Every structure is written in C-alpha cells, then in structure tokens.
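Written out below as structure tokens is the structure these notes cover.
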Amino acid sequence: MKTTVIFFIPLLLSGAILTIAAPKPAVVQGPREWTLDVVYDQPTQISLRLPGSAEPKRFWYLILSMTNNSPSGDQPFYPACELTTDTFQLIPAGKDVRTAVFEKIKLKHQGRYPFLESLDFVDHRILQGADNSRDIVIIWPDFDSAAVRISLFVAGLSNETAVIEHPIQKDTDGKPLKVYLQKTLHLQYSIRADKALRQDAGLNFVSQDWVMR
C-alpha cells in the first residue's frame with residue numbers, strides 16, 4: 001500500500017520549536033478554504049500471518065469517513081497520515097503494509113463499509129455532497145510496545161495552509177527557510193494494556209483537535 005503525500009515537511013529536527021511557533025487553524029475559514037467533514041471509528045488492531053512470515057504480524061487501523069460539504073464543488077484529496085508515539089517513534093501510514101492486510105480489514109467490515117477504500121485509490125477527489133462520501137482505512141504496522149500514548153495525524157482533509165520561518169535552517173542567501181504547514185486532524189490515544197499483553201491492547205480516546213503541521 002502506498003501513501004501519496006503533499007505539503008510534507010520533515011519536522012523531526014527542532015520539532016518542539018516548530019510546534020511552539022506554528023500558527024493555529026483559523027476559527028473561520030476564508031472564502032476559498034475548505035475542510036472535509038470527517039467521522040472515524042475507534043482504532044483497532046489486527047493480526048495475520050503474511051506469506052513468507054513464520055509469525056503473525058500486528059497492524060493498527062483507523063476507518064475514516066469523509067464528506068465534502070464545501071460550497072466550492074469537488075475537492076482534491078491527497079492524504080498524508082502518520083502515527084507518532086511518546087517514545088519518539090514516527091510511522092507513516094502504509095509502511096510495510098501488504099494488500100492482504102487491507103483485504104482482510106475490508107472483508108471484516110464489508111457489512112458496514114461495503115465500499116471501503118485504501119489510501120492508494122486512483123481517483124484523488126472527494127465529490128461534493130453527502131451521497132459522495134468516501135470511507136477509507138488507514139493502516140500502520142505495530143508501534144513500540146513501550147509506548148503509553150500515541151498521536152495520529154491525518155493531513156489532506158483541508159486546503160488551509162500557513163507558512164512559517166524555520167528557526168535554524170537558512171537558504172543560500174542566509175535567510176530562514178520557509179516551512180509550509182497544512183491543517184491536519186490530530187487524534188490522541190492512550191494504551192490500556194500492559195506491553196506484555198500486546199494481543200489484548202486497546203486504545204482509549206484522549207482528544208481530537210486540528211493543528212497546523
């Protein structure tokens with residue numbers, strides 16, 4: 001499974017500084033700005049034995065439903081999704097995720113989500129109106145068992161952007177490099193099981209907000 005990324009800026013270096021300096025999304029968007037309406041399920045883990053693997057592998061997934069109620073018509077959708085842990089692990093969605101994982105998830109949820117799509121769907125558009133809502137599944141490989149808190153970031157749901165100056169890096173003229181940020185859905189969860197009982201681990205919802213990232 002591949003993930004198409006736009007407006008992606010590596011923020012690992014000086015991440016804390018950039019987070020402090022980053023602007024917040026607008027309370028009221030401008031006339032040309034849009035944000036998709038989203039509904040999501042509780043993130044869930046799934047394990048399966050893939051061809052060539054002696055042991056089952058564990059993955060986590062989030063099903064997200066998107067509706068374009070923007071008055072400005074159809075909108076593009078190029079997602080960039082990451083999972084981060086409080087142990088400083090960063091995992092892009094789709095990393096080391098085979099098609100078989102998506103197919104098992106799709107089969108499991110075919111009753112409620114008969115048209116469930118993966119992140120690599122061909123038509124990167126969200127048509128206007130509730131009748132054109134789309135359901136996608138975002139999949140990550142298992143994360144650090146020592147983590148007790150994770151964050152999920154889903155970008156591509158809005159065209160609202162902002163530009164800030166990098167606090168350290170300079171261009172050839174000695175001026176601060178420009179960092180482009182995008183309005184991003186941020187979901188936080190805590191892990192509610194001991195790391196020795198990974199197969200029984202679940203997630204507790206902590207918070208949802210929108211950030212510029």
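The values are calculated or read from the model by the stated rules, or taken from the named source; none is laboratory data. From a predicted model like this one, the values you see are computed outputs, not experimental measurements. For neighbour counting, all protein chains shown are included, and Cβ atoms are generated from backbone atoms with ideal geometry for every residue, glycine included.
Number of residues in region 152-207 that are over 19 Å from ILE138 (Cα atoms) and out of contact with any Phe, Trp or Tyr (no Cβ under 9 Å at 6 or more places or on another chain) equals 24.
When you look at VAL163, is it exposed (fewer than 14 other Cβ atoms within 10 Å of the Cβ) and within 22 Å of PRO76 (Cα to Cα), yes or no?
On the way: exposed (fewer than 14 other Cβ atoms within 10 Å of the Cβ): yes; within 22 Å of PRO76 (Cα to Cα): yes.
So VAL163 passes the test.
Set side by side, the residues VAL137, VAL148, VAL163, VAL154 differ, and just one is β-branched (Val, Ile, Thr) and under 24 Å from ARG49 (Cβ atoms), which is VAL137. For the criterion of being under 17 Å from the mean Cα position of the chain (by Cα) and either within 30 Å of PRO176 (Cα to Cα) or in a strand (DSSP E or B) (or both), PHE88 passes. Being in contact (Cβ under 8 Å) with a residue 60 or more places away in the chain, in contact with a helix residue (DSSP H, G or I) (Cβ under 8 Å, 6 or more places away or on another chain) and aliphatic (A, V, I, L, M) is not true of ILE150.
Residue-by-condition table, conditions (1) among the basic types (Lys, Arg); (2) touching a residue at least 40 places away in the same chain (Cβ under 8 Å); (3) surrounded by 13 or more Cβ atoms within 10 Å (Cβ to Cβ); (4) more than 18 Å from TYR40 (Cα to Cα):
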{"position": "ASN132", "(1), (2), (3), (4)": "no, yes, yes, no"}
{"position": "GLY174", "(1), (2), (3), (4)": "no, no, no, yes"}
{"position": "TYR180", "(1), (2), (3), (4)": "no, yes, yes, yes"}
{"position": "VAL211", "(1), (2), (3), (4)": "no, yes, yes, no"}
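Among the residues of this structure, SER158 counts as one that is modelled with pLDDT of 95 or more, under 14 Å from the mean Cα position of the chain (by Cα) and over 25 Å from ILE105 (Cα atoms).
Here's the yes/no breakdown for (1) closer than 30 Å to ILE168 by Cβ; (2) among the polar types (S, T, N, Q); (3) in a loop (DSSP other than H, G, I, E, B); (4) within 18 Å of the chain's Cα centre (by Cα):
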residue: PRO25; (1), (2), (3), (4): yes, no, yes, yes
residue: VAL38; (1), (2), (3), (4): no, no, no, yes
residue: LEU50; (1), (2), (3), (4): no, no, yes, no
residue: SER72; (1), (2), (3), (4): no, yes, yes, no
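Take the residues in region 21-68 that are in contact with a helix residue (DSSP H, G or I) (Cβ under 7 Å, 6 or more places away or on another chain) and of a type in the set (Val, Ile, Thr), then tell me which one is modelled with the lowest pLDDT. The selected residue is ILE46. Only a single criterion out of (1) over 15 Å from the mean Cα position of the chain (by Cα); (2) of a type in the set (A, V, I, L, M); (3) at pLDDT 95 or above is not satisfied by ALA147, namely (3). Each residue in region 55-70 was checked for being under 20 Å from THR99 (Cβ atoms) and in a loop (DSSP other than H, G, I, E, B), and 2 pass.
Taken residue by residue, region 199-208 has at least one member that is closer than 24 Å to TRP34 by Cβ and in contact (Cβ under 8 Å) with a residue 12 or more places away in the chain.
Listed by first and then second residue, the pairs linking a residue in region 94-122 that is closer than 21 Å to ARG49 by Cα to a residue that is aromatic (Phe, Trp, Tyr) and part of a helix (DSSP H, G or I), with Cβ atoms under 8 Å apart and 6 or more places separating them unless they lie on different chains, are SER118/PHE102.
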